[in-house]
Amino acid sequence: MRFASALETMCQQSFFNQILDCTRTKNISLGKTLHATIIKTGKLTCTYIANSLVNFYSKCQHLSEANIAFQDIQEKDIVSWNSIINGYSQLGGSHNSIFALKLFKQLRKQSGLVPNGHTFSGFFTAASILVDGFAGKQGHSIVIKISGCDDVFVGSSLVNMYCKSGLVDDARKVFDEMSERNSTTWATMISGYAMFRLTDCALELFKMMMWEMEDGVNEFVLTSVISAFTLKEFIDIGKQLHGLVIKFGLLSFVTVGNSIVTMYSKCGDLDYAVKSFELADDKNSITWTAMITGFAQSGDCFKALSLFSKMHYAGMKASEFTLVGVLNACTDSKSLEKGKQVHGYLVKSGFESQIFIMTALVDMYAKCGFVDDARKGFYYLQEPDIVLWTSMIGGYVQNGDNESAMDLYCKMQEKGIMPNELTMASILKACSSLAAFEQGKQIHAHTIKFGFGLEPPIGSALSTMYAKCGSLEDANLVFRRMPARDVISWNSVISGLSQNGRGEEALELFEEMQLEGTKPDHVTFVNALTACSHMGSVERGWVYFRMMSSEYGISPRVEHFACMVDILSRAGKLYEAKELIEAAKCVHGSSLWRILLSACRNYSDYNLGAYAGEKLMELCTEESSAYVLLSSIYKAMGMWEDVERVRRLMNVRGVGKEPGCSWIDLKNHVHVFVVGDQSHPQIKEIRAYVLSLSKLMKNKGHEPAFDLSLAVCEA
């Protein structure tokens with residue numbers, strides 16, 4: 001009898017060891033065969049063998065089989081529950097984590113068993129994945145009730161849960177109350193500070209650790225600390241930490257090397273990042289991704305794409321994070337062809353269902369101007385992901401399809417998807433472009449409803465919207481109530497004032513901006529010069545034009561030269577404007593000559609106008625108005641051969657006049673009018689009313705100004 005019992009034990013031990021081997025090698029086929037043998041021999045009644053099967057399926061990520069094996073256990077012990085709870089929580093994902101929490105509740109209600117440290121570790125891991133601080137706090141109260149936080153693994157899991165849930169202060173309380181801490185505990189707390197950019201706290205805690213347990217400094221701790229210092233102003237601290245890595249001999253760990261490359265890249269020191277990357281002996285996908293992303297975020301997009309090519313030829317398989325970095329590089333450099341190649345690569349690699357990759361792809365197509373392709377990617381996913389919807393709305397706005405942006409925002413509201421700050425900023429920009437004042441006010445109400453404040457970018461977008469819709473009082477009210485004003489906020493109000501004929505107020509605000517210490521950018525000076533142009537203030541225009549380079553080191557761009565040429569032209573200083581154009585060092589194409597040509601027509605300086613017009617002809621301009629104006633000038637000068645030559649040039653080059661378009665918003669309905677279009681349902685009444693207004697104007701003694709461009713069109 002004793003011999004039979006010993007034989008039974010040996011048989012069970014043999015099965016147990018074989019299952020452990022299958023678990024370690026993740027040999028699912030052999031494990032299933034072994035499972036069948038165990039059922040056949042009747043050994044499934046042994047709880048610890050049944051538990052090992054649950055653990056085997058969990059570690060192989062076959063959770064449905066793990067759950068079936070768990071349900072088949074006749075006498076479940078705490079190890080049975082721990083195996084299945086940890087199996088679901090360790091696999092991650094919201095669905096698995098929710099199921100792990102449900103299993104924990106079942107354990108508490110049905111089994112009568114007391115959870116232990118391993119149970120709580122799985123529970124808190126699931127709560128941290130779900131960012132469910134409330135469930136985490138409930139679990140914490142159970143821990144205190146049962147055993148307190150003396151278990152270092154439970155305490156570390158609690159710290160991790162609170163950090164991931166954004167409750168860093170609660171995490172620190174747990175950390176401080178722990179009677180025993182290991183290197184994982186310290187690394188978790190430092191990572192929590194790093195996650196929320198609490199760099200001072202992270203550094204203070206690291207120094208405390210160095211004082212209390214220097215031997216505990218390992219690769220995990222230093223990786224966490226280095227990850228906290230990824231801002232430009234912390235580059236010196238980052239270099240000191242790099243020195244510590246070398247001192248402790250941890251540079252051989254790939255995770256540490258990756259954190260160093262990432263740190264230097266995010267701090268903007270690409271030279272050190274490249275050196276660290278090249279000196280890394282063991283590069284994995286994360287190492288390559290860190291360097292590619294570093295190049296992309298620093299604006300060296302072509303280097304990022306070149307490095308991705310090298311990564312591919314080195315036989316290194318790209319991860320989803322790599323592809324997002326590469327797509328962002330394609331977006332920033334407008335490299336559509338490269339982006340299409342990456343699209344093909346990610347489809348071939350099976351990444352087309354990854355939401356954040358497809359979001360980056362939609363963003364790339366939209367920002368490269370291929371809205372139809374972006375739309376296809378968007379509707380292919382049909383996911384309620386706010387980043388995806390925001391990318392598509394932003395793409396529409398960037399490409400001038402503001403009506404589609406508004407429609408998509410309405411659909412987003414219908415589906416109950418909560419917008420973020422970038423969504424609201426994009427849709428407000430659409431309202432600005434359409435001068436849709438009523439819709440803009442409704443979106444403003446939405447920002448209040450959804451709890452957004454007036455911080456940038458929403459505050460800036462709101463003030464811009466009101467300014468462009470002509471409601472300067474509302475624009476100024478939003479601007480003055482903003483808790484923090486960036487340069488974009490100042491620009492929006494200065495632009496609104498200058499565009500609405502309040503140039504003096506615009507320049508006063510520009511001076512106030514400088515007094516408050518906000519550094520103007522090139523857009524600010526465009527707005528200031530525009531105000532000078534509308535006021536006819538040549539001297540102040542020259543002052544601001546020279547101030548750009550002398551005080552702020554901003555090289556004048558074509559738009560600044562355009563403003564200055566316009567200022568001089570409006571003041572009748574046509575030859576001074578000509579000299580400025582010819583002295584301009586930037587590539588300006590035809591834009592500056594076009595301004596001068598129009599001014600020459602207004603001041604009847606036909607000789608200079610002909611000179612400016614011929615310059616435009618040499619540049620092969622595609623603006624129909626330039627041909628019309630030059631032809632008109634030659635007609636006024638009686639030079640009929642040149643009139644015909646300009647017209648022939650216009651026909652040969654295929655230049656056509658774009659039809660004019662205007663619209664008005666009345667009673668929440670937008671009425672659009674295009675030259676030559678007779679489709680409006682009330683077009684007869686409108687034409688009749690315009691004709692009666694014209695007659696009334698003539699009867700009052702107001703004659704329309706003679707327009708040379710109309711004369712040539714009639715000829």
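The values are calculated or read from the model by the stated rules, or taken from the named source; none is laboratory data. Worth saying up front: this structure is predicted, and the values here are computed from it rather than measured. Cβ sites come from the backbone with ideal geometry, for glycine too, and all protein chains shown count toward neighbours. SASA here: full protein model, heavy atoms, side chains in, ligands and nucleic acids out. Shrake-Rupley method; radii C 1.70, N 1.55, O 1.52, S 1.80 Å.
Here are the numbers:
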| read-out | value |
| --- | --- |
| Within region 582-601, tally of residues that are open to solvent by 60 Å² or more (accessible area, probe 1.4 Å) and at pLDDT 90 or above | 2 |
| Single residue of region 517-543 satisfying the filter (closer than 18 Å to N491 by Cβ and part of a loop (DSSP other than H, G, I, E, B)) that is least open to solvent (accessible area, probe 1.4 Å) | P520 |
| Subset of region 378-387 [part of a helix (DSSP H, G or I) and surrounded by fewer than 23 Cβ atoms within 10 Å (Cβ to Cβ)] | Y379, Y380, L381, I386, V387 |
| Residues of region 53-72 that turn out to be within 41 Å of the chain's Cα centre (by Cα) and part of a helix (DSSP H, G or I), as a count | 10 |
| Unique match (being among the polar types (S, T, N, Q), more than 21 Å from L101 (Cβ to Cβ) and open to solvent by less than 70 Å² (accessible area, probe 1.4 Å)) among T184, T188, T199 | T199 |
| So G339, is it of a type in the set (G, A, S), at pLDDT 90 or above and crowded, with 22+ Cβ neighbours inside 10 Å | yes |
| Number of the exception - E579 against (1) touching a helix residue (DSSP H, G or I) at 6+ places or on another chain (Cβ under 7 Å); (2) open to solvent by 20 Å² or more (accessible area, probe 1.4 Å); (3) in a helix (DSSP H, G or I) | (1) |
| Any hit, region 1-10, residues being open to solvent by less than 80 Å² (accessible area, probe 1.4 Å), of a type in the set (A, V, I, L, M) and modelled with pLDDT of 85 or more | no |
| Options V174, V152; residue that is surrounded by fewer than 18 Cβ atoms within 10 Å (Cβ to Cβ) and either at pLDDT 90 or above or among the hydrophobic types (A, V, I, L, M, F, W, C) (or both) | V152 |
| Any hit, region 211-218, residues being modelled with pLDDT of 85 or more, open to solvent by less than 50 Å² (accessible area, probe 1.4 Å) and not charged (D, E, K, R) | no |
| Residue that is farthest from F123 (Cα to Cα), among those in region 67-95 that are β-branched (V, I, T) and open to solvent by 30 Å² or more (accessible area, probe 1.4 Å) | I68 |
| Region 90-149: number of residues that are part of a helix (DSSP H, G or I), closer than 19 Å to V174 by Cβ, in contact (Cβ under 8 Å) with a residue 24 or more places away in the chain and of a type in the set (A, V, I, L, M) | 6 |
| Any chance E622 is outside any helix (DSSP H, G or I), out of contact with any Gly (no Cβ under 8 Å at 6 or more places or on another chain), among the charged types (D, E, K, R) and open to solvent by 60 Å² or more (accessible area, probe 1.4 Å) | yes |
| Residue within region 352-368 that is more than 29 Å from L305 (Cβ to Cβ), open to solvent by 60 Å² or more (accessible area, probe 1.4 Å) and modelled with pLDDT under 90 present | no |
| Tally, over region 461-488, of residues that are open to solvent by 50 Å² or more (accessible area, probe 1.4 Å) and over 16 Å from N527 (Cβ atoms) | 7 |
| Lone qualifier among K303, K283, K317 - being outside any helix (DSSP H, G or I), within 29 Å of E233 (Cβ to Cβ), out of contact with any Asp or Glu (no Cβ under 8 Å at 6 or more places or on another chain) and open to solvent by 50 Å² or more (accessible area, probe 1.4 Å) | K283 |
| Number of the exception - T188 against (1) farther than 23 Å from T262 by Cβ; (2) in contact with a Ser or Thr (Cβ under 7 Å, 6 or more places away or on another chain) | (1) |
| Residue within region 536-545 that is under 33 Å from the mean Cα position of the chain (by Cα) and of a type in the set (A, V, I, L, M) present | no |
| In region 226-239, residue farthest from S276 (Cα to Cα) [restricted to those that are open to solvent by 40 Å² or more (accessible area, probe 1.4 Å), assigned to a helix (DSSP H, G or I) and at pLDDT below 90] | E233 |
| Meets criteria (out of contact with any helix residue (DSSP H, G or I) (no Cβ under 7 Å at 6 or more places or on another chain), under 30 Å from A571 (Cβ atoms), open to solvent by 40 Å² or more (accessible area, probe 1.4 Å) and free of Cβ contacts under 8 Å to residues at least 12 places away in the same chain) for R546 | yes |
| Residue within region 103-117 that is among the aromatic types (F, W, Y) and open to solvent by 60 Å² or more (accessible area, probe 1.4 Å) present | no |
| Hits in region 445-464 (condition: part of a helix (DSSP H, G or I), over 21 Å from V487 (Cα atoms) and in contact (Cβ under 8 Å) with a residue 12 or more places away in the chain) | H446, T447 |
| In region 505-516, the residues that are part of a loop (DSSP other than H, G, I, E, B) and among the small types (G, A, S) | none |
| Flag for A374 being in a helix (DSSP H, G or I), among the aliphatic types (A, V, I, L, M) and either at pLDDT 85 or above or surrounded by 18 or more Cβ atoms within 10 Å (Cβ to Cβ) (or both) | yes |
